[in-house]
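Visitor: Got a structure here, written out as structure tokens. Questions coming.
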Amino acid sequence: MKHLRALLVLLHVLAVSVMAFPAPVGAMSKKDWATPELQETFQGYAGALRAVGLPVSDEGLQAWLWEAGNDLLTVRKAALAPFRPYLELTGSEQGWRMFGTVNRRPAWLVVEVGDGQDQWRRVYEMRSDEHTWLREQMDQERVRGLVNGYSWLNRRKSYDQLSVWLARRASVDFPEASHLRIAMERRRLPAPDELRTQGMPAPTRHWETRYSLDKYR
Amino acid sequence: MIALWHRLADRLAHREPATPLALFRIALGLSILYTLLPMIAADVVAMVWMDRPYGGYRELSPDHWLVAALGGPTDAAVTILVGLGVVSALLLLVGLGSRVTPLVANQVMTALFALNPESGGGHDRLLTAGLWLLVLAPATATLSLDARLFGPDKRFVSSQPVAAWPRYLVIFQLVVVYFTTGVQKLGQDWMPWGGWSALYYALLAPSWQRYDTTWVATIYPLTQLATAITWLWEVGAPLWLLAFWYRATRDRPGRLRALSNRVDLRAVMAAIGLFFHACLWLTMNLGPFSLVTGSFYLCLWHHDEYAAAWRRLRDKLFRTDSVRI
């Protein structure tokens with residue numbers, strides 16, 4: 001009995017360990033690798049390796065990492081296959097990738113309503129104390145998790161779906177408005193000195209979409 | 001090798017009172033409530049977890065068996081699941097239902113988190129993984145109505161020994177989470193050549209801010225220090241296992257072993273972790289992240305240590321009362 005118990009405990013430990021083994025899951029796309037954040041990261045690592053005397057070029061390191069990353073994912077997939085049903089059934093299939101990279105160019109979700117004459121009134125802005133429409137919902141951590149993806153300018157389809165949901169709500173909450181405009185305002189987060197002296201830089205607008213609210217009334 | 005296997009099997013056959021597992025059970029019950037009740041209060045259950053015809057913002061296609069059995073992510077199905085989640089959390093708190101309660105909670109929460117994974121966080125899976133460990137553990141052997149009604153002592157608090165290996169698995173899970181999270185913090189902001197600026201930028205990003213944090217620019221060196229400590233501490237999480245090994249073999253020689261036991265390396269590591277979780281909780285809204293993770297810390301201590309701490313607390317309170325009298 002004690003040997004069977006030890007075997008089962010060991011299998012659980014193995015399953016959890018294989019699942020958690022560091023791997024670039026969901027990160028092996030050329031589009032993601034081209035982002036400034038990752039490019040800076042690769043350059044930083046290549047520079048650090050050169051600083052200790054290793055003759056590594058930025059491009060050479062990236063090519064090697066691309067190949068190694070794909071190989072690792074192939075091995076991981078095969079190693080994980082026998083454990084997957086157990087991990088999925090027991091809700092233990094998480095690989096612990098949390099805050100691996102920090103978003104230095106995040107985007108803030110903003111919502112504005114208008115009268116059709118190109119006069120817009122901002123009603124919601126992420127984390128604002130001034131523009132607080134639906135703040136209770138939008139501040140809830142599940143919705144934060146959702147919008148966090150948009151903050152990286154990822155998940156465009158989901159963003160459009162949420163926009164339609166917001167337009168539906170706005171058609172009820174703002175009977176005087178005829179249109180809704182939603183966008184992601186992106187800012188480069190400043191270094192400490194710059195933040196102290198100049199504050200946050202002006203944003204650039206992305207993913208701006210307009211909706212006629214009459215459609216939802 | 002065979003001798004090592006026998007030692008492992010013997011170790012896993014060890015039994016001890018269930019107090020740490022019972023505290024873990026209670027903390028996970030609170031974590032479920034801290035997950036579900038704020039969602040209900042903020043009126044986002046339909047928005048996030050129901051299909052579009054029922055108030056959701058998008059079409060959902062979860063592949064969990066329980067959602068399918070209830071007919072998909074409809075308003076009725078999600079309401080039932082959330083209701084079951086709340087009830088199972090309350091049963092975990094009072095310790096009723098033995099291992100059936102965490103099994104129900106595990107499956108219900110796994111089903112709910114499967115509804116819309118893009119609105120979830122890493123702590124969701126830590127919660128369900130913890131609930132599964134409670135299925136393996138006799139965590140209602142004490143501090144529970146099960147112990148009061150059905151236990152051999154018929155008392156709410158019991159010292160009846162139960163299998164210790166589920167507690168070891170909880171500790172192992174905690175180490176795995178921190179270590180693998182640490183080694184996957186590969187962004188250059190976590191590194192010396194990135195200026196250890198990760199926490200500074202993370203606090204400024206809007207997604208998780210609890211309030212305006214532009215003041216972090218005035219304490220930038222502190223955020224750099226915190227970044228370096230966080231990374232080193234997470235990557236150093238296996239030191240916990242070493243600390244437990246040293247405690248279990250305290251009779252053996254070795255200066256490192258003696259030092260680890262003298263300063264209680266296990267408690268030092270826990271204190272650093274809890275301090276950073278408290279800082280995170282104060283500055284960022286990560287939902288039940290810190291509570292879920294903190295629940296696992298409760299298994300770092302043995303029943304005897306809880307009993308001694310309780311005695312000290314009781315004696316202190318008693319003495320205080322005597323002085324007042």
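Visitor: GNM on chain B, C-alpha springs below 10 Å: top fluctuator among B:L66, B:L282, B:L127?
Guide: Of B:L66, B:L282, B:L127, the Gaussian network model singles out B:L282 as fluctuating most.
Visitor: OK, next. Would you list which aspartates and glutamates come within 15 Å of B:K154, measuring only between C-alpha atoms, while excluding same-chain residues fewer than 8 positions from it?
Guide: B:D146
Visitor: Next question. Counting only protein heavy atoms, probe 1.4 Å: which residues of segment A:192-208 lose 10 Å² or more of accessible surface in the full assembly compared with their chain by itself?
Guide: Residues meeting the cut-off: A:P192, A:L195, A:R196, A:M200.
Visitor: Using a 1.4 Å probe and counting only protein heavy atoms, arrange A:H179, A:H12 so the residue with the most accessible area comes first. Don't skip to the end; give the middle numbers.
Guide: Values: A:H179 60, A:H12 15 Å².
Descending order: A:H179, A:H12.
Visitor: Principal axes first, then extents: for the Cα atoms of the protein assembly as shown, list largest minus smallest coordinate on each axis, whole Å, largest first.
Guide: For the protein assembly as shown, the Cα spread along each principal axis is 78, 63, 61 Å.
Visitor: Further question on the same structure: Just to confirm a number: summing +1 for Lys and Arg and -1 for Asp and Glu over residues other than B:A114 whose beta-carbon lies under 15 angstrom from that of B:A114, what do you get?
Guide: Taking every Cβ under 15 Å from that of B:A114, the sum is -3.
Visitor: Return one whole number: the accessible area per residue of segment A:2-90 in Å², for a 1.4 Å probe. Kindly include the intermediate steps, with their values, before the conclusion.
Guide: On the way: 5200 Å² over 89 residues.
The answer is 58 Å² per residue.
Visitor: Can you run phi through the Karplus equation (6.51, -1.76, 1.60; θ = phi - 60°) for segment B:11-19 and list ³J(HN,Hα) in whole Hz, with x for Gly and Pro?
Guide: 4, 6, 8, 4, 10, 7, x, 8, 3
Visitor: Taking a temperature of 4 °C and a viscosity of 1.567 mPa s, what whole-number D in µm²/s does Stokes-Einstein yield for segment A:2-90 with Rh from Kirkwood over alpha carbon pairs?
Guide: Details: Rh = 15.6 Å.
Translational D for this selection: 83 µm²/s.
Visitor: Let me ask something else. Let me see the P(r) profile for chain A: every Cα-Cα distance counted, bins of 5 Å, each bin given as a percent of all pairs.
Guide: 1, 6, 10, 12, 12, 12, 11, 11, 9, 7, 5, 2, 1, 1, 0, 0
Visitor: For segment A:23-55 and segment B:226-285, what is the separation of their Cα centres, given in Å?
Guide: Spelled out, the Cα-based centre of one part sits 31 Å from the other.
Visitor: While we're on this one: Nearest 10 degrees is fine. How inclined is helix A:58-80 to the longest principal axis of chain A, computing both from alpha carbons?
Guide: Approximately 70 degrees, to the nearest ten.
Visitor: So with the 1.4 Å probe, I'd like the accessible area per residue for chain B, rounded to whole Å².
Guide: Normalised by residue count, the accessible surface of chain B is 45 Å².
Visitor: Something else now. Cα axis of helix A:141-151 to longest principal axis of chain A: angle in degrees, 0 to 90, nearest 10?
Guide: It works out to around 90 degrees.
Visitor: Then there's this: Using a 1.4 angstrom probe on the protein heavy atoms only, line up B:W196, A:W66, B:W240 by accessible area, largest first.
Guide: From most accessible down to least: B:W196, A:W66, B:W240.
Visitor: So which residue, out of B:P166, B:P206, B:P17, gets the largest mean-square fluctuation from a GNM of chain B using Cα contacts under 10 Å as springs?
Guide: The residue that fluctuates most here is B:P206.
Visitor: With a cut-off of 8 Å between alpha carbons and a minimum separation of six or more residues, what is the relative contact order of chain B in percent? Walk me through the numbers on the way to the answer.
Guide: Details: 409 pairs, mean separation 70.8, N = 325.
Averaging sequence separation for qualifying contacts and normalising by length gives 22 percent for chain B.
Visitor: When the Kirkwood radius is taken over all Cα pairs of segment B:163-312, what Stokes-Einstein diffusion coefficient follows at 4 °C and 1.567 mPa s, in µm²/s?
Guide: 76 µm²/s
Visitor: Also: With a point put 7 Å past each Cα toward its Cβ, work out how far B:R252 is from B:A76 in nm, to one decimal.
Guide: The answer from the label model is 6.1 nm.
Visitor: Which number do you get for Rg(Cα) / (2.2 N^0.38 Å) in chain B?
Guide: 1.12
Visitor: Partner chain Cβ atoms within 10 Å, averaged over the residues of A:106-112 - can you pull that number for me?
Guide: Taking all residues of A:106-112 together, the mean is 2.
Visitor: Taking chain A as the reference, fit the longest principal axis to its C-alpha atoms, fit the long axis of helix A:2-20 to the helix C-alpha atoms, and give the angle between the two in degrees, 0 to 90, nearest 10.
Guide: 50 degrees
Visitor: Determine the order of B:W281, B:W165 by accessible area, beginning with the largest, at a probe radius of 1.4 Å.
Guide: Accessible-area ranking of B:W281, B:W165, largest first: B:W281, B:W165.
Visitor: Share of Cα-Cα pairs in segment B:77-207 beyond 25 Å, in percent?
Guide: Result: 45 percent of Cα pairs exceed 25 Å.
Visitor: I'd like the accessible area for B:M191, computed on protein heavy atoms only with a 1.4 Å probe and all protein chains in place. Round to 10 Å², please.
Guide: Accessible area of B:M191: about 20 Å².
Visitor: On to the next question. Heads up, I need the accessible area for A:M19: 1.4 angstrom probe, whole protein in place, Å², nearest 10.
Guide: A:M19 exposes around 10 Å² with every protein chain in place.
Visitor: Treat segment A:99-217 as a sphere of radius equal to its Kirkwood radius over Cα pairs and apply Stokes-Einstein at 37 °C in a medium of 0.692 mPa s; give the translational diffusion coefficient in µm²/s, rounded to a whole number.
Guide: After rounding, the answer is 216 µm²/s.
Visitor: Return the single residue from A:R84, A:R188, A:R104 with maximal mean-square fluctuation; model: Gaussian network over chain A, springs between Cα atoms under 10 Å.
Guide: Maximum fluctuation in the GNM of chain A, among the listed residues, is at A:R84.
Visitor: Give me a single rounded figure for B:30-38: the average over its residues of other chain Cβ atoms within 10 Å of their Cβ.
Guide: That average works out to 1.
Visitor: Could you check how much of the accessible area of segment B:209-325 is carbon and sulfur, as a whole percent, using a 1.4 Å probe?
Guide: 69 percent
Visitor: Round to the nearest 10 and report in Å² the accessible area of B:I272, as given by a 1.4 Å probe over the protein chains' heavy atoms.
Guide: Probe radius 1.4 Å; accessible area of B:I272 about 60 Å².
Visitor: Over the Cα atoms of segment B:17-160, compute the convex hull volume and normalise it per residue, giving Å³. Provide the component values of the computation, followed by the final result.
Guide: On the way: hull volume 13.9 nm³, N = 144.
It comes to 96 Å³ per residue, whole-number rounded.
Visitor: For the B and A pair, go ahead and give the buried accessible area with a 1.4 Å probe, both sides summed, in Å² to 100.
Guide: Summing both sides, the interface buries roughly 6400 Å².
Visitor: Near B:K185, which lysines are there with a Cα under 16 Å away, not counting those fewer than 8 places off in the same chain?
Guide: none
Visitor: Now, a different point. Can you tell me the relative contact order of segment A:107-216? Whole percent, Cα pairs under 8 Å, sequence separation 6 or more. Before the final figure, lay out each step's value.
Guide: Details: 161 pairs, mean separation 33.6, N = 110.
Contact order relative to length: 31 percent.
Visitor: Would you mind telling me the share, in percent, of accessible area of chain A contributed by carbon and sulfur at probe 1.4 angstrom?
Guide: 58 percent
The values are calculated or read from the model by the stated rules, or taken from the named source; none is laboratory data. Predicted model, so just to flag it, every value in this text is computed and none were measured. Cβ sites come from the backbone with ideal geometry, for glycine too, and all protein chains shown count toward neighbours. In case anyone asks, the SASA skips ligands and DNA or RNA and just uses the protein heavy atoms, side chains included. Shrake-Rupley method; radii C 1.70, N 1.55, O 1.52, S 1.80 Å.
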